[in-house]
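Report on the following structure.
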Amino acid sequence: MKFKLFILFVLISVYSLLNSTTWHIKQDGTGNFTTIQEGINASVDSDTILVYPGTYFENVNYNGKSITVASLFLTTQNEDYINQTIIDGNQNGSCVRMISGEDSTTVICGFTISNGSGTLHVYDYLGGGLYIVNSQPTIKKCIIKNNNANAGGGIYCIGSQIELVGVSIHNNHSYASGGGIFLHNSEINFNSEILCNIYLNYASGGCEISKTWTCPPMEVYIDTFTVFEPDGYFISSTNSIGVPLNDVILNAQHAKFEPVNSDLFVSVDGNNSNNGLTPDEPLVTINYALSLIKSDSLHPNTIFLTNGHYSKSINNQCFPLNMRGYISLEGESMDNTILDAEEDCALIWDSYSELDYSLKNFTLSNGFHNITSAIYLTALQKQNKFINLENITIMDCQGYNKSLNLVYMNLNISNLFSYSNYSACLSSVNSYQPEQEVIIENIYINDNHQYDPGSTSSDARPQLSFGMLGTDPMNVTITNMELTENIQIQSDWQESCSGVSVGDNINLNLVNCTIGNNSSPGDGGAINIGPAGQNSVINVYNSILYGDNPGEIYIFNEFSSNPSTVNIQNSLVNGGYEGIENVYSWNTVNWLGDNLDTIPQWTGIGDYPYALATDSPCIDAGTLDLPPGIELPEFDLAGNPRIYGETIDMGAYEYQDSVSVQEDIVIPITQTRISNCPNPFNPTTTIKLDLAESGKIELAIYNIKGQKVKTLMDAYSTKGHFEIVWRGVDDNKKKVSSGQYFIKLKVNEKEKAVNKCILLK
């Protein structure tokens with residue numbers, strides 16, 4: 001049969017060549033044209049564009065013509081020509097576009113199609129290799145590899161019907177869905193005689209194939225697929241509202257590998273030819289490990305990451321990571337295991353997996369996405385799934401919405417640090433699931449600017465928001481939180497808030513939280529119950545709310561039938577009871593015992609400027625009489641004992657005496673000096689400061705031209721030992737260039753010490 005098809009294919013090809021014009025494309029100038037596009041432009045329907053070997057750096061557009069574009073494979077059937085004839089998109093758009101209603105006689109045959117970056121459609125780049133719209137082409141004996149796009153890394157189809165004959169699609173990447181193929185209201189016919197190959201493509205959903213909206217059920221005839229039994233990680237099929245469908249049948253003769261039901265190890269110095277089963281035989285990319293590993297509810301597994309910098313440019317690490325159910329991801333250390341999206345996309349994504357896993361011990365940096373700049377996780381409704389986030393830093397990420405979007409799940413977070421992002425921190429939403437639980441302990445949210453850089457207006461997002469779409473409550477408890485100096489620059493939503501906001505049916509406990517110096521263009525600085533905050537209760541214990549603009553607490557629940565309540569006990573609130581803005585009388589504010597309205601007296605210096613100074617009225621002013629189920633952590637946000645002295649303090653930091661409980665000897669300071677470590681550094685260094693005298697302190701970074709680039713400290717201070725972190729940014733939050741810098745210390749306007757440091761990149 002295959003021999004008969006081959007003969008028929010050759011006869012049809014020869015007939016076509018004899019009854020149409022054939023345009024010869026040769027880069028040496030001996031043909032009709034030197035570029036493929038020139039040949040297409042000159043052709044008419046039924047013509048053939050015959051392309052001779054070479055690499056053609058082009059972004060080809062068929063312009064609605066029913067033509068054949070082919071390598072010499074068409075006339076010789078020599079497959080060497082497929083590898084020798086390359087359409088290279090040069091990261092300048094889709095390699096090939098068929099977007100003008102090309103019909104079923106349109107053919108592309110015998111090419112390697114690579115290095116495409118997609119065609120811009122609204123906000124997204126679609127179809128890295130091929131972008132097909134309302135067309136019916138046939139793709140024959142092509143290799144589609146090493147392309148990328150927001151959707152459809154290899155092929156993107158919308159409103160189209162295509163036929164694939166002997167096509168190999170591998171090592172393509174999509175930031176969203178469909179690493180290999182994305183179908184939207186489209187269908188594919190896989191030739192059952194001349195088989196295709198689809199393997200090792202990556203995406204945040206449907207790594208190999210993703211189809212959505214009104215695509216019909218599909219049967220995939222394939223020679224080689226990544227695995228024999230793919231789940232939603234490999235093949236994603238959903239209807240128009242995102243509900244998963246089970247309507248794709250895979251008929252594969254071979255699999256790239258057998259899934260491994262075991263923990264796996266990944267290192268920046270590893271190799272994907274290793275087995276990944278031990279630290280001595282690590283893999284090199286997390287994507288490969290996620291494709292290789294197998295897990296289920298009875299046998300959960302973990303991918304372990306050694307310290308190092310994981311990025312596309314360094315070790316070909318693709319983001320976002322498409323997480324899978326019951327597979328945890330654990331770095332070696334929060335500070336030194338770095339996942340860097342290089343401002344291309346979000347970092348971790350999971351749509352409708354089985355969830356139930358942990359993410360631990362790493363830094364997420366340089367994420368970029370309109371919806372979620374760092375982590376987006378969502379589960380099917382009513383599944384009661386669980387996610388644990390532990391020892392996570394999020395920095396230098398940018399997005400219109402949140403750094404973390406977590407939907408329809410129970411959630412535990414501990415030791416989360418979010419700073420220097422152009423996005424809000426966390427949104428958690430649950431839908432129609434009874435008694436959902438969100439437990440957050442030890443969270444630091446500082447210096448995040450929330451707005452849409454590409455827009456003149458936006459709905460400002462609070463740093464933390466919680467919403468419930470059903471009538472059952474979601475229970476949220478937050479302990480040991482610093483939420484400070486976050487800014488909403490713009491908003492069309494007057495009832496916005498730069499701190500914590502709740503929607504319907506939220507029971508929120510804020511315990512030992514410090515919320516200060518945040519600003520919003522709306523009406524809520526620290527805490528907000530919005531217009532849709534029905535039946536919500538916020539309990540504030542042992543917390544400090546001070547310096548937030550325009551105010552500390554704003555209550556705007558419009559529904560008298562479902563009022564909301566705020567209870568405040570043993571807390572400092574700037575403006576006191578009278579300063580709380582309660583718009584409607586049916587909502588209740590209970591100003592309970594031992595609250596304060598005064599200046600909290602923060603230290604204002606060092607690593608913990610919101611720690612309590614010696615004369616702070618918040619020392620020993622908290623209460624241990626908390627509601628059942630609220631457990632205080634053993635340590636405060638700085639790692640000191642949570643209770644020190646007569647009883648617990650207010651705020652995220654427990655005041656410590658000048659002689660620490662962990663220190664036996666206090667070393668007297670006889671000389672003012674500064675140093676930094678590491679030096680050279682990239683991108684963070686810790687500046688150690690010894691002050692032998694009290695006074696007005698100015699600590700700043702200068703470039704070699706003597707220009708001040710960053711003020712680290714400008715305040716009055718007592719003498720002592722201090723440590724301050726510089727993250728390699730200037731006063732405008734922009735990264736500074738590599739090179740030599742000077743750390744200068746002034747005391748009472750007199751220069752006391754200078755230290756040279758070197759930033760490497």
Among Leu355, Leu404, Leu292, the single one that is modelled with pLDDT under 95 and more than 16 Å from the chain's Cα centre (by Cα) is Leu355
Could you check, for region 603-617, whether at least one of its residues is closer than 30 Å to Ile687 by Cβ, in contact with an Asp or Glu (Cβ under 8 Å, 6 or more places away or on another chain), modelled with pLDDT of 95 or more and of a type in the set (A, V, I, L, M, F, W, C)? yes
Kindly indicate which of Val754, Val709 is surrounded by 13 or more Cβ atoms within 10 Å (Cβ to Cβ) and either among the polar types (S, T, N, Q) or not assigned by TED's automatic domain parsing to the domain that holds Ile605 (or both). Val709
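Residues checked against (1) within 19 Å of Ile87 (Cβ to Cβ); (2) surrounded by 22 or more Cβ atoms within 10 Å (Cβ to Cβ); (3) modelled with pLDDT of 95 or more:
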{"position": "Ile144", "(1), (2), (3)": "yes, yes, yes"}
{"position": "Gly152", "(1), (2), (3)": "yes, yes, yes"}
{"position": "His173", "(1), (2), (3)": "yes, yes, yes"}
{"position": "Phe190", "(1), (2), (3)": "no, no, yes"}
{"position": "Ser210", "(1), (2), (3)": "no, yes, yes"}
Kindly evaluate Ile67 against the criterion of being modelled with pLDDT of 95 or more, over 14 Å from Lys140 (Cα atoms) and crowded, with 17+ Cβ neighbours inside 10 Å. no
Residue check, Gly270 within 23 Å of Ile387 (Cα to Cα), assigned to a loop (DSSP other than H, G, I, E, B) and not hydroxyl-bearing (Ser, Thr, Tyr): no
Flag if Gly232 is closer than 30 Å to Ile314 by Cα, assigned to a loop (DSSP other than H, G, I, E, B) and touching a helix residue (DSSP H, G or I) at 6+ places or on another chain (Cβ under 9 Å): no
From the residues in region 243-257 that are in a loop (DSSP other than H, G, I, E, B) and out of contact with any Phe, Trp or Tyr (no Cβ under 8 Å at 6 or more places or on another chain), which one is nearest to Gly331 (Cα to Cα)? Phe257
So Gly101, is it modelled with pLDDT of 95 or more, of a type in the set (Gly, Ala, Ser) and surrounded by fewer than 17 Cβ atoms within 10 Å (Cβ to Cβ): yes
Do the conditions hold for Leu283, that is, is it without any contact (Cβ under 8 Å) to a residue 12 or more places away in the chain and either surrounded by 18 or more Cβ atoms within 10 Å (Cβ to Cβ) or more than 28 Å from Phe190 (Cβ to Cβ) (or both)? no
Of the conditions (1) surrounded by 18 or more Cβ atoms within 10 Å (Cβ to Cβ); (2) assigned to a loop (DSSP other than H, G, I, E, B); (3) modelled with pLDDT under 95, Ser20 satisfies every one except a single condition; which number is it? (1)
Looking only at region 293-310, which residues are outside any strand (DSSP E or B) and either touching a Ser or Thr at 6+ places or on another chain (Cβ under 7 Å) or not aliphatic (A, V, I, L, M) (or both)? Lys294, Ser295, Ser297, Pro300, Thr306, Asn307
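This table checks each residue for (1) farther than 23 Å from Ile169 by Cα; (2) crowded, with 18+ Cβ neighbours inside 10 Å; (3) free of Cβ contacts under 8 Å to residues at least 60 places away in the same chain.
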position	(1), (2), (3)
Thr34	yes, no, yes
Asn41	yes, no, yes
Asp47	yes, yes, yes
Leu50	no, yes, yes
Phe73	no, yes, no
Gln77	no, no, no
Thr85	no, yes, yes
Has region 360-374 got at least one residue that is in contact (Cβ under 8 Å) with a residue 60 or more places away in the chain, assigned to a strand (DSSP E or B) and in contact with a Phe, Trp or Tyr (Cβ under 8 Å, 6 or more places away or on another chain)? no
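The values are calculated or read from the model by the stated rules, or taken from the named source; none is laboratory data. Just so it is clear, the model here is predicted, and its values are computed rather than measured. Using ideal geometry, Cβ is built from the backbone for each residue, glycine included, and neighbour counts are taken over all protein chains shown.
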